[in-house]
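Enquirer: Can you keep this structure in mind? I'll have questions shortly.
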């Protein structure tokens, strides 16, 4: 029997026994669907973190000088205690970094932890739980802020401790409706009056969390309102990505000198790019990738055993057919290839069905949640390869058993 004819016969048999075929392939379908959906979500999250979250936290072509590292989730208690004993990164450190990196495009300062939340009041309208940041003028350049209306904060605003603020898009929209109308208006935060100088253009959401619910004010004004933070963050933006690593080394040298660290002592600060956060996230997803194959393997093995049992049943049901084919000249190889082709075809049907189900599940997750999903080509080939592999591995025994049937005994079978 020709290989294509064997496949056609296998498809016809699967269609003739649709319910039996479905239950035969449930294990493979569920396992492949789980694999496709989980891999799509993880891959989508990796791309999302790299493209959006990393840049939103640090900025493009930028790095930060911080008290705590960006990725602090995979450290033990002793390391965390050591981090807590580090000196704060203070506004006085900004000139040190500026002198060390004279070619920096901008050196920004942002109020650090803890970030206060406040009610923003205009007339009879109030927006609660707005994040309040104190920044210098250069911070807006580091973060590539653009303004829907009004102007950016300036060095003069910071130097003279002016009561002016920038509003995130969501705050301006809820209070005023029109960002243009917000500029020049007087709002109140913690009982103090501030003038809206500008509205930052809409930044959107990250994992369903709005990036536009904030208020920025000059750092000196922020300190007068909230006092000093336990630490601040210095952000440095370079003109080109190739300049980032050399600039990080110079910033590290300047901070070590300022903190009077000996050559044998480790840094008591962190110099981080968005790559550190991306690497931290990829390490977490790598742990998930080690768990997924185990779960998939269990389902695949169960599905393969079911296919083998069904193929053995098929051999018993078609014993007379096998005897007739052998009496007409079919060789053991012909019989073995026929049943092996049927096994592979059946398993591939399960792989394709699982691929469709997994893609649909990933799409539904993306629609219903903020989690992104991205189906990659390698995961598609892996799904189809698993299907074909299961068909080969678990189809060999039934096919060999069919090929070894004695034609005389087979012809006597009812």
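Enquirer: Here's a check for you: in the range 60-72, which residue that is modelled with pLDDT under 80 and out of contact with any strand residue (DSSP E or B) (no Cβ under 6 Å at 6 or more places or on another chain) is surrounded by the most Cβ atoms within 10 Å (Cβ to Cβ)?
Expert: Filtering first and then ranking leaves 71.
Enquirer: Out of curiosity, is residue 23 surrounded by fewer than 16 Cβ atoms within 10 Å (Cβ to Cβ) and either assigned by TED's automatic domain parsing to the domain that holds residue 333 or modelled with pLDDT under 70 (or both)?
Expert: yes
Enquirer: Residue under question is residue 28, and the condition is that it be within 39 Å of the chain's Cα centre (by Cα), buried (at least 17 other Cβ atoms within 10 Å of the Cβ) and at pLDDT 70 or above; does it hold?
Expert: yes
Residue-by-condition table, conditions (1) assigned to a helix (DSSP H, G or I); (2) out of contact with any strand residue (DSSP E or B) (no Cβ under 7 Å at 6 or more places or on another chain); (3) at pLDDT 90 or above; (4) surrounded by 11 or more Cβ atoms within 10 Å (Cβ to Cβ):
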{"site": "225", "(1), (2), (3), (4)": "yes, no, yes, yes"}
{"site": "229", "(1), (2), (3), (4)": "no, no, no, yes"}
{"site": "234", "(1), (2), (3), (4)": "no, no, yes, yes"}
{"site": "244", "(1), (2), (3), (4)": "yes, no, no, yes"}
{"site": "249", "(1), (2), (3), (4)": "yes, yes, yes, yes"}
{"site": "252", "(1), (2), (3), (4)": "yes, no, yes, yes"}
{"site": "256", "(1), (2), (3), (4)": "yes, yes, yes, yes"}
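Enquirer: Here is a follow-up. Considering only residues that are surrounded by fewer than 17 Cβ atoms within 10 Å (Cβ to Cβ), assigned to a loop (DSSP other than H, G, I, E, B) and over 37 Å from the mean Cα position of the chain (by Cα), which ones fall in the range 148-162?
Expert: Scanning the range 148-162 gives 160, 161.
Enquirer: Next up: Can you go through 163, 116 and tell me which one is under 24 Å from residue 90 (Cβ atoms) and at pLDDT 95 or above?
Expert: Matching residue, one of 163, 116: 163.
Enquirer: With crowded, with 18+ Cβ neighbours inside 10 Å and either in the same structural domain as residue 191 (by TED's automatic domain parsing) or touching a strand residue (DSSP E or B) at 6+ places or on another chain (Cβ under 8 Å) (or both) as the only criterion, which of 123, 108 stands out?
Expert: Within the list 123, 108, the selection yields 108.
Enquirer: Same structure again: Just to be sure I understand, how many residues within the range 185-212 are at pLDDT 90 or above and either crowded, with 18+ Cβ neighbours inside 10 Å or over 19 Å from residue 119 (Cα atoms) (or both)?
Expert: Of the residues in the range 185-212, 9 are at pLDDT 90 or above and either crowded, with 18+ Cβ neighbours inside 10 Å or over 19 Å from residue 119 (Cα atoms) (or both).
The values are calculated or read from the model by the stated rules, or taken from the named source; none is laboratory data. The structure displayed is predicted, hence computed values, not measured ones. Here the Cβ is made from the backbone with ideal geometry for all residues, glycine too, and neighbour counts use every protein chain on show.
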